[in-house]
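First comes the structure, then the notes that go with it.
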Amino acid sequence: MHVAAIGLVVVGLLWTCRFVYRRSRVAGLTFAAGLVIRVTGGAFFLTVSYFGLPFMTPLQMGNGFWTLASDAEDYYRWGSLLAERWQATITPGYVRPLALWMRAVGVNPASPVLFGLVMFALAVVTLVAAFGQNRTRAAERALHLGVAALSFSPMLIYAGVFGLKDVFFTTLVVVMAVAYLTLLAGAAWTRATLGAHLLAAAGGALAVWLIEGIRSYFAILMWLAMAVTYAGCVIAGVPSRRRSVVQAAVVLPVVALVIAFGPEPNYPRFARRIVASVPGAVLERRAPMAHGGLDELDWRRKTIDDYGGNSMLSRRTKTAGSSRLGGLAVGLCAVFVPSSLLGRLAGVDLHIGGSARLIADADTLVFDVMAALILWMVIVNRRQVSPPPLLFGLALAVLVALPLAYVMTNYGTLIRLRLLVAVPIWLLTLALAPGFAARRSSGEAVPAPRQ
């Protein structure tokens, strides 16, 4: 049965390559290259560590795992135990789907890597499908950028090769964004579109539910970004004020309930603590925020500082009387500036190894280049841009980047979590997707290539 399931996965990946290639030759070749990189890298690292081959032996953990991604072994262990007997686990939004996957394809170290391949394919298919078959030239270029970002992001490749949860989480964000924008900026509800809208609503709700089970704070920030998007649509009158108000009155409470009853068992207690902290913050004239006030962010930053680590960004700012703005500035520099330059700008010796520095700097450069290209494309083609995807992508990127840059003072972890900022920026390409356009674009249509 496991062999049959793996065979179906291979057939599905081949179908995905064909699907993407038929929509866009460039996107299809880009996606295929991303698949080859992940398959080759995953097979290499699994084989070397599993058989203990004499390559990079100090970094091997055995059984297919590496110190470069030591938490992959923990996720594999929790997933394998859950596949055998259902029980409570940490990070249920990822471990439970991984356990179900292992039941289908078998419990072995290659299963998380194969799971990452399928999730990468799902993210690309979702993005390509959102652009449709008939696109403007600007939309065609935006599609190429979006697929390239998902295919060649060093951090996504790293996570896929070692079987980490970041690929699954990225796919959930892409699915949620496309589903949400389909409901907000897509066609009106009719009999012809009813099936597509119901599918989008179900897919978006499931994605939000799983996101809450992996990173609850991201689900909350995502809800805030949706609220900001609805407010912007009401102000701009796009697609219409009445439709935006009615939909916000329905969607926002439903999403809040999905988050509140998500799979993360600690969320109700966390939510009660936040609600209880807001009145105290108001009485003491402190600024209440979504996480219970600025003090909540300070507490989380201090917790990470106390935990410590070799690559702490707060070493210098502690002695200099670190202000919130100072800590935020250093964190934002860490998000956008390569580590070699960051040490000079922030005056912090990060003490990270050569392999980790190489991955971090490569990811930083690709992140900066892709962000610059996408923003430039949006600016150049601003007449064709649809406001809802633009508002949502920018709001989510800003709402995630600011607290992340301030709270996460461990550089190594911050680089892993930078995908939370990168994905909303990549989703700005959807602002040029014809299916989400609030008005007809005057651009020249480019039909999908035929076989």
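The numbers here are math on the coordinates, done by the rules we state, and not lab data. The structure displayed is predicted, hence computed values, not measured ones. Cβ coordinates were reconstructed from backbone atoms using ideal geometry, including for glycine residues, and neighbour counts include every protein chain displayed.
What is the gain in length, in nm to one decimal, between Trp299 and Val369 on full extension, counting 0.36 nm per residue of separation less the C-alpha to C-alpha distance?
On the way: separation 70, 0.36 × 70 = 25.20 nm, distance 3.38 nm.
Full extension of this stretch gives 21.8 nm more.
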> Considering the dipole of segment 134-271 built from charges on the beta carbon (Lys and Arg +1, Asp and Glu -1) around the Cα centre, which of Ser153, Leu224, Ser240 is farthest to its positive end?
Replying inline: Ser240
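With a cap of 15 neighbouring Cβ atoms within 10 Å, and only residues DSSP puts in a loop, list the chymotrypsin sites (Phe, Trp or Tyr not before Pro) found in segment 1-64.
Of the chymotrypsin sites (Phe, Trp or Tyr not before Pro), the ones in loops of segment 1-64 whose Cβ has at most 15 other Cβ atoms within 10 Å are Phe55.
Please list 223-229, 176-182 highest first by mean number of surrounding beta-carbon atoms within 10 Å per residue.
Top of the packing list down: 176-182, 223-229.
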> What is the spin-label model distance, in nm, from Tyr307 to Ala362 if the labels are put 7 Å beyond Cα along the C-beta direction?
Replying inline: 2.6 nm
> What is the extension gain from Thr57 to Ala227, computed as 0.36 nm multiplied by their sequence separation minus the C-alpha to C-alpha distance, in nm to one decimal?
Replying inline: 56.2 nm
> If you bin the C-alpha pair distances of the chain every 20 Å from 0, what whole percents do you get?
Replying inline: 23, 59, 18, 0
> According to a simple spin-label model (label point 7 Å from Cα along Cα-to-Cβ), what is the distance in nm between Arg18 and His351?
Replying inline: 5.5 nm
>> 7 Å from Cα along Cα→Cβ at both Ala249 and Ala329: what's the point-to-point distance in nm?
In response: 4.6 nm
> Restricting attention to segment 188-250, which trypsin sites (Lys or Arg not before Pro) occupy a DSSP loop and are surrounded by at most 13 other Cβ atoms within 10 Å?
Replying inline: Arg191
> What longest region of the chain stays clear of GluC sites (Glu not before Pro) that DSSP places outside H, G, I, E and B and that have at most 14 other Cβ atoms within 10 Å?
Replying inline: 1-283
>> Under a Cβ-only charge scheme (Lys and Arg +1, Asp and Glu -1), can you give me the dipole magnitude of segment 310-435 about the Cα centre, in debye to the nearest 20?
In response: 260 debye
>> Show me, for segment 398-408, the HN-Hα J-couplings you get by feeding each phi into the Karplus relation (A = 6.51, B = -1.76, C = 1.60, θ = phi - 60°), rounded to Hz, glycine and proline as x.
In response: 5, 5, 7, 5, 5, x, 5, 5, 7, 7, 7
>> How big is the dipole moment of the chain about its Cα centre under a simple scheme where the beta carbon of each Lys and Arg is +1, that of each Asp and Glu is -1, and everything else is neutral? Debye, nearest 20, please.
In response: 1200 debye
